[in-house]
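Undergrad: Below you will find the structure I want to go over with you.
The values are calculated or read from the model by the stated rules, or taken from the named source; none is laboratory data. Remember, it's a predicted structure, so these values are computed and weren't measured experimentally. Positions of Cβ are generated from backbone atoms using ideal geometry, with glycine treated the same way; all protein chains shown enter the neighbour counts. Surface areas here come from the heavy atoms of the whole protein model, side chains and all, with no ligands, DNA or RNA. Shrake-Rupley method; radii C 1.70, N 1.55, O 1.52, S 1.80 Å.
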Amino acid sequence: MDKVLLIICDGLADRPISPLGDKTPLEAAIKPNLDKLVKRGMTGLMHTVDIGVRPGSDVAHLSIFGYDTESYYTGRGPFEALGYGFDLKAGDVALRGNFATVDTNLVILDRRAGRINETQALVDILDKTEIDGVEILLKKGTGHRVAVILRGANLDDKITDCDPHIEKMPIQDAKSKLNEKNAKKTADIVNKFVRQSYEMLKKHPINLKREQDNLQPANIILLRGAGKLPSIPNFNDKYKLKAACIAGAGLYRGIAKILGMEIINVPGATGQIDSDLAAKIETALAWTAKYNFIFVHIKGADILAEDGNYMGKKQFIEKIDQALASVVGRNDILLVVTADHTTSSQLRMHTADPVPVLIAGTNLHTDAVESFGERAAASGKLGQIKGKHLMPMILDFLGKAPLYGA
Ligand code: ZN
């Protein structure tokens, strides 16, 4: 056993839901393959960032990969921008954007514009905009997402978000966090761009057609998560592994790219609920011939929970389980299945509840847990760990952990 398959199911964990018989979607799901793996392995609960911390997906992944987020996290923008294929340069400020729906007073009606997907033409009319001598570049992301970078002299990423993160609120002006000149200038350009996006998008034929069809128009871009390219130690050097990533969604590809993982493209891996999960797992297994650490990211459960669709989340988990059928008999691989955070379907947001983690391999300990779930994992052998403990444990299970002391 010298290879690792780490599957991070975004927002997999949840809280008990009355219509599911007070079970979580994971507990309620029919998941014979995950349950077989649990019987072959160990379980526990993981606080991906820290106890009581409600993590964003970006910091949660960095923590799971063993990177101190205080030292290395510079905002979500750069990860997303790299994931969507930007060649980020030093000095660029990258932001994450959402196509959203606002009314004429710029009050947010839908932060995701009805989860619009057909945004390429909208991206194209705003790409390469110039404001106050700064070039603004856009790339389409998955669904309603878009990556935006500001390229020019004297830009600063210490600015607040335009996106208030809740609906029925007006968009906010980005502001300098430290009342500093370059950050003020950057915030000013961001605010001008957001307003310009509204002026240009509200009359676009795609949006006029959407309104006719009773769909939310994508009439503004909300920006958040400003950051510059972080300098992060290479994952392969840090752990003496050869790592690759399979992910449809841009953020996770971007994180993997910054860490120096190879990105493997899988047709049908969309980062959405329609993603071809079986193809992702099959491809991951095939590429274990070349890489000894493969990170597979699966997004759908989080999307469904954010939309309050706990039944859809349960069904999606069943789809994950089916995709894992080919992993069950693989004794040459250390399999780790976990989540980056809990996403509560009822609160429709991330919560700080720890997530279940499953580790199965050959000649490793097992525990008495028989099913993969939030409550069952609480009695598992791994106990309660933090995200930063996972990689050292993985290395140890492989027999590759450095000796501490003599
Ligand atoms: Zn997440």
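Undergrad: What figure in square angstrom, to the nearest 10, would you give for the accessible area of residue 299 with a 1.4 Å probe?
TA: 20 Å²
Undergrad: Pairs of Cα atoms under 8 Å, at least six residues apart: use those to get the relative contact order of segment 80-227, whole percent.
TA: 30 percent
Undergrad: Dividing the convex hull volume of the Cα atoms of segment 204-297 by its residue count, what figure in Å³ per residue is obtained?
TA: Cα-based convex hull of segment 204-297, divided per residue, equals 124 Å³.
Undergrad: Still on this structure: Run the accessible area of the chain with a 1.4 Å probe and give the carbon-and-sulfur part as a rounded percent.
TA: Summing carbon and sulfur atoms, their accessible area is 50 percent of the total for the chain.
Undergrad: Hey, what's the per residue convex hull volume over the C-alpha atoms of segment 80-227, in cubic angstrom?
TA: Hull volume over Cα atoms, normalised by residue count, gives 95 Å³.
Undergrad: So, one more: Taking a quarter of the surface of the convex hull around the Cα atoms of segment 247-406, what do you get in nm²?
TA: About 10.8 nm², averaged over all directions.
Undergrad: With only alpha-carbon atoms in the gyration tensor, what are the semi-axes of the equivalent ellipsoid for segment 251-294, in Å, largest first?
TA: That gives 18, 16, 6 Å for the three semi-axes.
Undergrad: Ok, one more. Under 12 Å from a point 7 Å along the Cα-to-Cβ line of residue 381: which residues of segment 346-369 have their amide N that close?
TA: 359-369
Undergrad: A further question follows. Please express the Cα-Cα pair-distance distribution P(r) of segment 15-55 as a list of whole percents, one per 5 Å bin, running from 0 to the bin with the greatest distance.
TA: 6, 18, 14, 19, 23, 17, 2
Undergrad: Same structure again: Given R₀ = 45 Å, FRET efficiency for residue 406-residue 180 by Cβ-Cβ distance, to 0.05?
TA: Working from the Cβ atoms, E equals 0.35.
Undergrad: Still on this structure: What 222 nm value per residue comes from the helices of the chain, counting each DSSP H run with n ≥ 4 as -39,500 (n - 2.57) and dividing by all residues, nearest 500 deg cm²/dmol?
TA: One gets -9000 deg cm²/dmol as the mean residue ellipticity at 222 nm.
Undergrad: Same structure, new question: Report Rg (one decimal) and Dmax (nearest whole number) for segment 140-179, counting Cα atoms only, units Å.
TA: Calculated on Cα positions, Rg and Dmax stand at 12.8, 36 Å.
Undergrad: For the chain, take the longest principal axis of its alpha carbons; what is the angle in degrees between that and the long axis of helix 277-287, to the nearest 10 within 0 to 90?
TA: The angle comes out at about 70 degrees.
Undergrad: Let me check I have the definition right: for segment 251-345, take the eigenvalues of the Cα gyration tensor, multiply each by 5, take square roots. What are those semi-axes in whole Å, largest first?
TA: 23, 16, 12
Undergrad: If each residue of separation counts as 0.36 nm, what is the full-extension length gain between residue 120 and residue 364 once their alpha-carbon separation is subtracted?
TA: The span from residue 120 to residue 364 would gain 83.0 nm if fully extended.
Undergrad: One-quarter of the Cα convex hull surface for the chain, in nm²?
TA: 20.3 nm²
Undergrad: A follow-up question, please. Once ligands and nucleic acids are excluded and a 1.4 Å probe is used, how much of residue 2 is accessible, expressed in Å² to the nearest 10?
TA: The accessible area of residue 2 comes to roughly 80 Å².
Undergrad: Counting only heavy atoms of the protein chains, get the accessible area per residue of the chain (1.4 Å probe) and round it to a whole Å² value.
TA: For the chain, the solvent-accessible area averages 40 Å² per residue.
Undergrad: Go through 118-131, 17-30 and give me the packing order, highest mean Cβ count within 10 Å leading.
TA: Packing proxy ranking, top to bottom: 17-30, 118-131.
Undergrad: Heads up, I need the accessible area for residue 326: 1.4 angstrom probe, whole protein in place, Å², nearest 10.
TA: 40 Å²
Undergrad: Next up: Segment 186-212 to segment 368-406: how many Å between their Cα centroids?
TA: 48 Å
Undergrad: Now for a separate question. How big is the Cα convex hull of segment 1-145 in projection, averaged over all directions, in nm²?
TA: 14.4 nm²
Undergrad: Using label points projected 7 Å from each Cα along Cα→Cβ, tell me how many nm separate residue 167 and residue 202, to one decimal.
TA: 2.0 nm
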